[in-house]
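First up is the structure itself, then whatever we jot down about it.
The values are calculated or read from the model by the stated rules, or taken from the named source; none is laboratory data. Please read these numbers as outputs of a predicted model, since none were measured by experiment. All Cβ positions, glycine included, derive from the backbone under ideal geometry; neighbour counts span all protein chains shown. Side chains included, ligands, DNA and RNA excluded: accessible areas come from the protein's heavy atoms. Shrake-Rupley method; radii C 1.70, N 1.55, O 1.52, S 1.80 Å.
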Amino acid sequence: MGDHAIPASTGKGHSAKLEDIFSKEVSRRDLLKWGAVAAAGAIPIGAGCGSSGAGPPVPKHIILISMDTLRRDHLPVYGYSRNTAPGVSKLAESSVIFDNALAAASNTAPSHASMLTGVHPLTHGVKSNWAMLSPDAVTLAEILRGQGFAAGAFVSCIALHSNITGLDRGFDVYRQVGPAPGHCRARETFLDASAWLNALKNERRVFLFFHVFDPHFPYSAPGGEIRPEWEGSSRKRDLPLDYPAMRARMKRGFSQDEIQTYTDWYDEEILYADLYIERLLQTLRDKGMFDDSLVIFLSDHGETLGERPWMFDHGSKVYEEQIRIPLVIKFPGAWKKGTRIAAPVHHVDVTPTVLDALGLQPPESMEGVPLAPMVQKPEAAAERFMFCMAQSDPERTSELKQAIAPGEPVFCIRRPPHKLVMYPGEKARPVVCLHDLSSDPKEMNNTAQVHPVITGDLKRRLDAWISASLSKGRKYKTVPLSPEMDRALRSLGYIS
């Protein structure tokens, strides 16, 4: 990718050998069920939801588009007043819009790993931005490559680097950025992805994972290429645009005018990234791929702007602005376009949705559910408890009264109107917060002591989920970082 590209990973080096996969009972059974072993005719495409007359047509191509650090409420399709994303709005015209989608985590790698595996971070093992995918986890790319898809991933930041996440597993091509500067622009990623698409033979089925990073701090969209025309967008302030300097300045605080300036810059980054998403979608149209593609647009997590004492940031908390994400799905033939789904959905639903659309039965080991049946019968959507996580950082969570332990998981369980958050406390005593999202949507008040019965019930459910996840015996591995990787992650705020 531009001057900062490193050689593309083939995606094969991290893949487990079939003999190793088959030595694991669950993985063997699931792989055979999914058809991830490329045995001609072993599993007929179109055997599931996609083959039903009432369901969507079976897609020929799968397109997964992720815009990093994108808040759902900064998109016009979710009611934002600024036209930050005309390309996404155009896509939404032929899509289903999910109004209550949640992230698996407020960190980049864990959430993307959940998209690509259908399980939560405690199961797939990528619990931070430098943790390796469990060898037991099976990826969507592995499954689709086994079905004959050409699988290509084009990612734009160091947090998705294959050496520290293993997320290249199953991809034929995995283009990524090196440690310096740790990220690249959407334009570079688009040029690489479009070149790969154009080089493929037209008869190939395609799985494309396209990731743009631009809305992540530092907010500095290229002004010479595109500039929105909303009031205040061109204001300049003596404000830091590198994370270490911003972190030092954060302790002094920002004025409302300065917060608005950063928000303007954040919105400009969305508009810039959207430009290249639209160009990618146009490339698909030009190649005759768009209409029969399943296109999934979403983000990995959101961003705190002016809501908390520590702002322009994410990753250590599970507030709504960080875990509520956009999710727009275009089914082939624009099936059910214009439908809006109010039921809660999750990152772990992405892979089951793709498999179901292709007629492959999602395995029981996956923790998400296919979304097409929900679109077909919204009234039949089951109520669900949703789980999200983060990595604690006391400095970034100064609004809490109690002291929390650094570097440990933060968990939440969410079933509106209530949401329980559990921070790691000192001496192994968790700090528990209960929020009523209907009366306190900004989560300013902890009502755990006021509602002990609700608090107790949700905490028991959360504890049981954590225990069940940990009991699966997945192999967790935190990757030692090279000095270059460490500097790159620190420069983007991933490491304090």
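What order do you get for 273-285, 240-252 when each peptide is scored by the mean count of other beta carbon atoms within 10 Å, highest first?
Listed from highest to lowest mean packing, they are 273-285, 240-252.
In this Cβ point-charge picture (+1 for Lys and Arg, -1 for Asp and Glu), the chain has a dipole of about 900 debye about its Cα centre.
A Cα-only calculation for region 303-392 places Rg and Dmax at 15.7, 48 Å. In angstrom, the C-alpha Rg and Dmax of region 199-350 are 18.5, 58. With the whole protein complex present, Lys336 retains an accessible surface near 80 Å², based on a 1.4 Å probe. Expressed as a whole percentage, what fraction of the accessible surface of region 304-412 belongs to carbon and sulfur atoms when a 1.4 Å probe is rolled over the protein heavy atoms? Carbon plus sulfur share of accessible area: 53 percent. Between Ala468 and Leu239, the modelled labels are 4.4 nm apart [label points 7 Å from Cα along Cα→Cβ]. With a 1.4 Å probe rolled over the protein heavy atoms of all chains, the accessible area of Arg429, Arg340 falls in the order Arg429, Arg340, largest first.
Ser81 contributes an accessible area of around 110 Å² to the protein surface, as traced by a 1.4 Å probe with all chains present. Cross-link partners of Lys419 among aspartates and glutamates, defined as those whose alpha carbon lies under 19 angstrom from its own and excluding same-chain residues fewer than eight positions apart: Asp99, Glu303, Glu307, Glu320, Glu321, Glu383, Glu399, Asp436, Asp440, Glu443, Asp457, Asp463. Per residue, the chain exposes an accessible area of 38 Å² to a 1.4 Å probe, with every protein chain left in place. Take every DSSP beta bridge whose two residues both sit in the chain; close to 55 percent of them are antiparallel.
The order of Arg187, Arg487, Arg175, Arg82 by accessible area, most exposed first and with a 1.4 Å probe, is Arg487, Arg187, Arg175, Arg82.
Please go through the residue pairs Lys401/Lys459; Lys60/Lys472; Lys127/Lys427; Lys127/Lys337; Lys330/Lys472 and name each one whose alpha carbons sit more than 31 Å apart in this structure. With Cα atoms farther than 31 Å apart: Lys60/Lys472; Lys127/Lys337; Lys330/Lys472. Ordered by 1.4 Å accessible area with all protein chains kept, Glu320, Glu93 run largest first as Glu93, Glu320. Each of Leu200, Val119, Ile62 was scored by the projection of its Cα onto the charge dipole of the chain, and the greatest displacement toward the positive side belongs to Val119; charges sit on the C-beta of Lys, Arg, Asp and Glu.
Projected onto its three principal axes, the C-alpha set of region 87-216 covers 38, 33, 33 Å, listed from the longest axis down.
Distance from the Cα centroid of region 50-97 to that of region 331-374 is 13 Å (rounded to whole angstrom). Rounded to the nearest 10 square angstrom, Arg204 shows an accessible area of 90 square angstrom against a 1.4 Å probe. Overall size of region 374-445 from C-alpha positions, given as principal axis extents largest first: 47, 24, 19 Å.
According to the calculation over all Cα-Cα pairs in the chain, the P(r) per 10 Å bin from zero is 4, 20, 32, 28, 13, 2, 0 %.
Converting the Cα gyration tensor eigenvalues of region 336-480 into ellipsoid dimensions via √(5λ) gives semi-axes, longest first, of 31, 21, 14 Å.
Surface composition of region 65-133: carbon and sulfur make up 48 percent of the accessible area, probe 1.4 Å.
Helical content of the chain, expressed as a calculated mean residue ellipticity at 222 nm, amounts to -8500 deg cm²/dmol (DSSP H runs of 4 or more residues, -39,500 (n - 2.57) each, divided by residue number, nearest 500).
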